[in-house]
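Enquirer: Questions regarding the structure given below will be posed in turn.
The values are calculated or read from the model by the stated rules, or taken from the named source; none is laboratory data. Since this is a predicted model, take the numbers as computed values, not measurements. Cβ: placed from backbone, ideal geometry, glycine included. Neighbour counts: every protein chain shown. In case anyone asks, the SASA skips ligands and DNA or RNA and just uses the protein heavy atoms, side chains included. Shrake-Rupley method; radii C 1.70, N 1.55, O 1.52, S 1.80 Å.
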Amino acid sequence: MDALNDILRSFRGEYNKTPVKIQVLDCFLVYAVFTGLVQVAHLLLVGSFPFNSFLAGFLSCVAFCVLTVCLRMQIDPSNADFKGMSPERAFADYVLCNGLLHLVIWNFMG
């Protein structure tokens, strides 16, 4: 049990060094994953009558998580792969891709 506490304490110490913007995105990711899990629970408990709606909602959560992780990677100052990209450009790409994603999801729900 002490080893687990040491691991959690070490994780919390390192995570507190993360910029606040990244921590906010992480909370947003947890919310998106929770929303997807609620949709799966609803499918299992109630049924899958409008299956297109379930697929659209669940795949929207998954794709939204992927896009948000990409944004997180792009605005993370410790990531050397995206040093030349400004956070404003990364956010503009994120908004554009999310708009396109939700347009496709809305069309799929029919």
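Enquirer: So the check is Cβ under 6 Å with 6+ separation or different chains; which pairs have a first residue in segment 50-66 that's among the hydroxyl-bearing types (Ser, Thr, Tyr) and a second one that's assigned to a helix (DSSP H, G or I) and open to solvent by 20 Å² or more (accessible area, probe 1.4 Å)?
Expert: Listed pairs, sorted by first residue: Ser53/Met109; Ser60/Ile105.
Enquirer: Which of the residues that make up segment 1-27 are surrounded by 12 or more Cβ atoms within 10 Å (Cβ to Cβ) and of a type in the set (D, E, K, R)?
Expert: Residues satisfying the conditions are Lys21, Asp26.
Enquirer: Moving to a separate point now. I'm trying to understand the selection: among the residues of segment 62-93, which are surrounded by 13 or more Cβ atoms within 10 Å (Cβ to Cβ) and either aromatic (Phe, Trp, Tyr) or not in a helix (DSSP H, G or I) (or both)?
Expert: Phe64, Asp76, Phe82, Met85, Phe91, listed by residue number.
Enquirer: Are any residues in segment 28-49 open to solvent by less than 90 Å² (accessible area, probe 1.4 Å), part of a helix (DSSP H, G or I) and either without any contact (Cβ under 8 Å) to a residue 12 or more places away in the chain or closer than 17 Å to Met109 by Cα (or both), and if so, which ones? Quick ask: steps written out before the conclusion?
Expert: Restricting attention to segment 28-49, the residues satisfying the condition of being open to solvent by less than 90 Å² (accessible area, probe 1.4 Å) are 28-29, 32-33, 35-36, 38-41, 43, 47-48.
Within this subset, residues satisfying the condition of being part of a helix (DSSP H, G or I) are 28-29, 32-33, 35-36, 38-41, 43.
Matches in segment 28-49: Gly36, Val38, Gln39, Val40, Ala41, Leu43.
Enquirer: Looking only at segment 98-110, count how many residues are open to solvent by 60 Å² or more (accessible area, probe 1.4 Å) and either in a helix (DSSP H, G or I) or under 20 Å from Cys27 (Cα atoms) (or both). Give the steps one after another, and end with the answer.
Expert: Residues of segment 98-110 that are open to solvent by 60 Å² or more (accessible area, probe 1.4 Å), as a first pass: 100, 102-104, 106-110.
Subsequent filtering for residues that are either in a helix (DSSP H, G or I) or under 20 Å from Cys27 (Cα atoms) (or both) retains 100, 102-104, 106-109.
Summing the residues that are open to solvent by 60 Å² or more (accessible area, probe 1.4 Å) and either in a helix (DSSP H, G or I) or under 20 Å from Cys27 (Cα atoms) (or both) in segment 98-110 gives 8.
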